[in-house]
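The values are calculated or read from the model by the stated rules, or taken from the named source; none is laboratory data. Owing to the predicted nature of the structure, the values given are computational and were not obtained by experimental measurement. Backbone-built Cβ (ideal geometry, glycine too); neighbour counts: all protein chains shown.
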Amino acid sequence: MPEGDVVWRSAQRLHAALAGRELVTSDLRWPSLAAVDLRGREVREVVSRGKHLLVRVAGGPTDRGGEPAVTLHSHLRMEGSWHVHATDGPWRTARSQHGVRAVLANAAWTAVGHRLGMLDLVRTTDEHRLVGHLGPDVLGPEWGPEAVERVVTALLEAPDRPVGEALLDQRVLAGVGTFFMAEVLFLRGTSPWAPVGSLSTAALRAVVELVHRLLVAGTRDVAQSSTGETSHGARAWVHARSGQPCRRCGTTVRVAPIGVAPHDRVAFSCPHCQPGPRPTDDGAPQAPLGARVTGPPGPPGPLGRPSPGQPSVRRPRPARRG
Ligand SMILES: [Zn+2]
């Protein structure tokens with residue numbers, strides 16, 4: 001799933017292709033935006049805000065009613081992506097048309113949004129309605145010691161919350177998804193289910209600073225990696241490695257849902273390297289993420305019924321208290 005680094009790179013690519021140029025094609029394949037026509041208007045800039053992409057388009061010419069400057073907002077969600085092609089190139093193949101949700105083109109470049117999870121158009125002055133709820137952007141220009149302290153303060157406002165769940169909350173800090181959450185907590189030796197309040201302020205600060213360092217590194221590499229390796233299958237310590245031995249200690253990496261449905265996600269961790277509370281686990285074998293799951297389907301859990309391509313995740317029993 002795209003995280004802040006991927007969205008940041010997408011914004012850079014789109015900015016280079018679209019900014020300062022007039023749109024000659026505006027094709028938004030989204031029910032609420034089908035009548036929108038941005039042709040003849042110049043793209044001012046493309047920026048990312050956490051996992052949100054903002055394409056800012058200048059106001060329309062006064063002879064067409066002087067429409068206000070607008071922002072096309074998209075979110076990639078699980079499998080969305082933006083691609084840039086030469087406008088006179090062969091991008092309009094049958095395959096590349098599948099899942100197309102937006103096409104913005106100038107004379108030189110065509111940006112195509114595939115399988116976008118969200119698409120909205122608002123006046124640029126109303127952008128806050130879409131992204132105003134976000135916490136400090138890990139990759140934003142305002143990131144610094146002050147932002148780190150704001151994040152730590154926001155984390156500590158809910159001391160009983162599992163730290164992995166809190167890191168995924170975009171209102172606390174914007175840009176982190178399940179990959180960087182799992183990897184940072186592995187590198188810090190912290191269970192994703194450890195309550196925020198069980199960590200010292202210094203430890204929380206170290207987690208937040210490591211999130212920033214890894215995401216910044218992610219903006220420089222083509223492949224998302226926390227191990228420094230870029231070859232397939234070697235890019236993560238624990239993420240998507242359930243059922244496989246921990247790279248550090250050999251213990252089997254586990255996966256379990258984290259957070260409250262329907263906003264629950266999955267957290268991968270090594271029980272040995274990341275001691276601390278975790279959902280009660282029955283120890284059943286777990287297939288690596290993406291492996292074909294065999295056997296009869298279980299009852300629908302927080303992630304729904306396992307299917308080919310999904311991890312085999314057992315619903316954790318409620319943790320025993322005391
Ligand atoms: Zn380990």
Given the residues A194, A223, A182, which is the only one that is farther than 22 Å from V6 by Cβ and hydrophobic (A, V, I, L, M, F, W, C)?
A194
From the list S32, S48, exactly one residue is under 25 Å from the mean Cα position of the chain (by Cα) and crowded, with 22+ Cβ neighbours inside 10 Å. Which is it?
S48
Please specify each residue of segment 248-283 satisfying the condition of being within 21 Å of L215 (Cβ to Cβ) and of a type in the set (D, E, K, R).
R265
Would you check if V266 is free of Cβ contacts under 8 Å to residues at least 60 places away in the same chain, crowded, with 21+ Cβ neighbours inside 10 Å and farther than 14 Å from A194 by Cα?
no
Among the residues of segment 113-127, is any among the hydroxyl-bearing types (S, T, Y) and closer than 29 Å to R56 by Cα?
yes
Could you please find all residues in segment 194-232 being over 27 Å from P285 (Cα atoms), of a type outside the set (A, V, I, L, M, F, W, C) and not in a loop (DSSP other than H, G, I, E, B)?
G197, S198, T201, R205, E209, H212, R213, G218, T219, R220
For segment 233-245, state whether one or more residues are within 16 Å of the ligand (Cβ to nearest atom), more than 23 Å from P141 (Cα to Cα), outside any helix (DSSP H, G or I) and among the hydroxyl-bearing types (S, T, Y).
yes
Among the residues listed as L155, L173, L119, L139, the single one being aliphatic (A, V, I, L, M), outside the structural domain of E67 (by TED's automatic domain parsing) and in contact with a Phe, Trp or Tyr (Cβ under 9 Å, 6 or more places away or on another chain)
L139
Go through the residues of segment 199-220 one by one and say whether even a single one is within 16 Å of the ligand (Cβ to nearest atom) and touching a Gly at 6+ places or on another chain (Cβ under 9 Å).
no
Residue ID - nearest to the ligand (Cβ to nearest atom), chosen from residues in segment 184-193 that are under 18 Å from the mean Cα position of the chain (by Cα) and not in a loop (DSSP other than H, G, I, E, B)
L185
